[in-house]
Amino acid sequence: MTRPRLVVSRPLPESVENRLAAAFDCAFARSPDDAGRLAERAETHRADGLVVCLNDPVTADLIARLPAGLKVIATYSVGFNHIDLEAARARGLTVIYTPEAVTEATADCAILLLLAACRQAHAFQLQMQAGEWRGWSGTGLLGGDPGGKRLGIVGMGRIGRAVAHRARAFGLDIHYFARHRLSAAQEAGATYHASLESLFRASHIVSLHTPTTAETRGMINRTSLSWLPDGAVLVNTARGDQVVDDDLIAALHSGKLAAAGLDVFAGEPDFDRRYLDLPNAFLLPHIGTSTIETRELMGEHLAGDLASVFAGQPPRWRIA
Ligand code: DGY
C-alpha cells in the first residue's frame, strides 16, 4: 500500500522525523536551502502534504505552485501568521497546527521572561560578565516583586490561561482583555476588561498572548504604552510584529517601562539590534516551545492529524 507523501520544510528532532517516517513517505530537509525550495520539492516528491515551521512563509504564490494532488499543510507551531489562509482555503487545502502541544512550555517561557524582567536579570548578568560584581550590596539596582502586582493578560486563550494559572502562584492579581469574556470557570477569578486601554491602565505587568491579526499588529505602540503606569513591565511570547520597536525601545530608555522580557521579534531573526543595548531588556531567541517534551508532543499531534486527514477523518486541530 502506498503511503501518503510528505515534504518537511526543515530538520525536526530525530524522534519526530522517525515518527513521521514510520507513517508517511517523507522527504526531509537535508540542506540549508531546502526550506526555500518547498514548491520544487513538493513537485519532485509528488507530495500529498507539506510540513512547515513558523519561519516558512507559505504565501499565495507558493500555494499556487504546490502540486495539484496536495491536500494538507501542517505547521509545526501554534502560530499561523506565516500561512496565507485565504489562498489555502481558496485551493481547498486543509491546514492543521499544534495549539495544544505548545501551551505549557510557552506559558513557562512567559513566566521565565516575567520573572527575569521584574528582577532585572539582564542588568545583573551584564554586571557579572563585565567583572563589576564587588560583593553583596544593600544598595544599587533593585528589581521589583511580581507578588501583589496586577498582571494584564492580552488574549486569554489556552496559553493566556496557563500563564494566569502559574502567575497566581507568584501572588499576581490576574486581569485580562479578550474579544469575549470567558466563563466564570475559565476566568478563575480573573478580572475582565472590555478594552486594551482599560486593561493597560489597571496593569503593572502585561503579557501578550494574541495571534497577529490586523487588530493586534502594532498594538504595543506609543499610545498603548502611555496607558500603562510608570515602571510597568512587558512580556511578549506571542509575535514580534505586535510591537512597534521604536516605541518600546523609547519606553525602555525613558523608564516608562522598567523592563521587558521578549521571546519574539519583528523580522526575526533580524531583530532590532538596539534591544541589545538595553540592560532592562531580557531577550530570548524565540524558544517558547523549545523543550524536548514539547517538540515531541508537537510531532505526535501533527502526525496524528495528518493521518486523520489522509484517512478522510476530521483532524483535531484545524485552522482551515
Ligand atoms: C509557535 O509555535 O507558534 C510559537 O511561537 C513557538 O514559540
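The values are calculated or read from the model by the stated rules, or taken from the named source; none is laboratory data. The structure displayed is predicted, hence computed values, not measured ones. Neighbour counts are summed over all protein chains in view; Cβ atoms, including those assigned to glycine, are modelled from backbone coordinates with ideal geometry. SASA here: full protein model, heavy atoms, side chains in, ligands and nucleic acids out. Shrake-Rupley method; radii C 1.70, N 1.55, O 1.52, S 1.80 Å.
Ligands, DNA and RNA excluded, the heavy atoms of ARG91 present near 80 Å² of accessible surface to a 1.4 Å solvent probe. Taken along the Cα-to-beta-carbon direction at a fixed 7 Å, the label points for ARG30 and SER290 span 2.6 nm. Ordered from largest to smallest accessible area (heavy atoms of protein chains, 1.4 Å probe), the residues VAL309, VAL154 come out as VAL309, VAL154. How tilted is helix 14-23 with respect to the longest principal axis of the chain? Cα atoms for both, answer in degrees (0 to 90, nearest 10). With both axes taken from Cα atoms, the answer is about 30 degrees. Note on the chain: helix-only mean residue ellipticity at 222 nm, from DSSP H runs of 4+ residues weighted -39500 (n - 2.57) and normalised by residue number, equals -10000 deg cm²/dmol. Ranking HIS122, HIS193 by solvent-accessible area of protein heavy atoms (1.4 Å probe, all protein chains present), from largest to smallest, gives HIS122, HIS193. By the compact-protein rule of thumb, 2.2 N^0.38 Å, the alpha-carbon radius of gyration of the stretch 1-107 corresponds to a ratio of 1.02.
When nucleic acids and ligands are ignored and a 1.4 Å probe is applied, PHE24 ends up with an accessible area of around 10 Å². What the phi angles of the stretch 126-139 give under the Karplus curve with 6.51, -1.76 and 1.60, with θ = phi - 60°, is a coupling list of 4, 4, 5, 5, 7, x, 9, 7, 10, x, 4, 9, x, 10 Hz, glycine and proline written as x. A Cα-only calculation for the stretch 32-181 places Rg and Dmax at 22.2, 69 Å. Placing unit charges on the Cβ atoms only, positive for Lys and Arg and negative for Asp and Glu, gives the chain a dipole magnitude near 600 debye about its Cα centre.
Could you give the alpha-carbon Rg of the stretch 103-283 over 2.2 N^0.38 Å, rounded to two decimals? Don't jump to the answer; show the numbers that get you there.
Details: Rg = 15.9 Å, N = 181, 2.2 N^0.38 = 15.9 Å.
Cα Rg divided by the expected 2.2 N^0.38 Å: 1.00.
Panel values: the chain, Kirkwood radius from alpha carbon pairs, Stokes-Einstein at 20 °C and 1.002 mPa s, translational diffusion coefficient 102 µm²/s. Of TRP317, TRP133, TRP227, the order by accessible heavy-atom surface (1.4 Å probe, DNA, RNA and ligands excluded), from most exposed downward, is TRP133, TRP227, TRP317. Between the amide H of ALA259 and those of LEU234, distances stay under 5 Å, these residues lying 5 or more places away or on another chain, with hydrogens modeled in the peptide plane.
Just how far, in whole angstrom, is the stretch 289-312 from the stretch 1-54 if you go by their alpha carbon centroids? Comparing the Cα centres of the stretch 1-54 and the stretch 289-312, I get a distance of 14 Å.
If R0 equals 56 Å, the separation of the Cβ atoms of MET1 and TRP136 corresponds to a calculated FRET efficiency of about 0.25. For the stretch 103-283, the fraction of 1.4 Å probe accessible surface lying on carbon and sulfur atoms is 54 percent.
In Å², and per residue, what accessible area does the chain have when probed at 1.4 Å with the other protein chains present? Don't skip to the answer; put the middle values down first.
On the way: 15210 Å² over 320 residues.
Each residue of the chain exposes 48 Å² on average to a 1.4 Å probe.
Taking the chain as the reference, fit the longest principal axis to its C-alpha atoms, fit the long axis of helix 245-254 to the helix C-alpha atoms, and give the angle between the two in degrees, 0 to 90, nearest 10. Orientation of helix 245-254: about 20 degrees from the principal axis.
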